[in-house]
Amino acid sequence: MSYIHKELADGRWLELTLIEQMANVGSEVIRTFNLKNKNVNYSCASFERAMELLELTIADRKNISRLRELTRVKEVLADYFAGDNIYGSTDESMENYFLAFNYAARL
């Protein structure tokens, strides 16, 4: 498989805590929001990076106890950005979810 984040996929991602991993995913998600009305191509690229980082987080064995939440986050993100938004997500609700990880990672 070809990765956008080759260095992270080669093992560096596994060194991060779940909070740090989700804060990084959140950064890409928020970047996707910020770009969606400015540059669709950049927004799509940012979404792809967010999904890749989320996949790496799901594959990390230390996160096995959070697998249900992680796969649901992936489902909701895909639904919001590429689907019909059946969950009724908003930019604000997504930002609130991910900003909590950014805050915790800074502590």
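Here is how the numbers come out for the structure above:
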quantity	calculated
Output for region 71-88, where each listed residue is among the small types (Gly, Ala, Ser) and modelled with pLDDT of 95 or more	Ala78, Gly88
Residue within region 33-46 that is within 11 Å of the chain's Cα centre (by Cα) and farther than 16 Å from Ile4 by Cβ present	no
Scan of region 30-72 for residues that are of a type outside the set (D, E, K, R) and touching a residue at least 40 places away in the same chain (Cβ under 8 Å), ordered by number	Ile30, Thr32, Phe33, Leu53, Leu56, Thr57, Asn63
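The values are calculated or read from the model by the stated rules, or taken from the named source; none is laboratory data. All values reported here derive from a predicted model rather than from experimental measurement. Please note: Cβ atoms are built from the backbone with ideal geometry, for glycine as well, and neighbour counts cover all protein chains shown.
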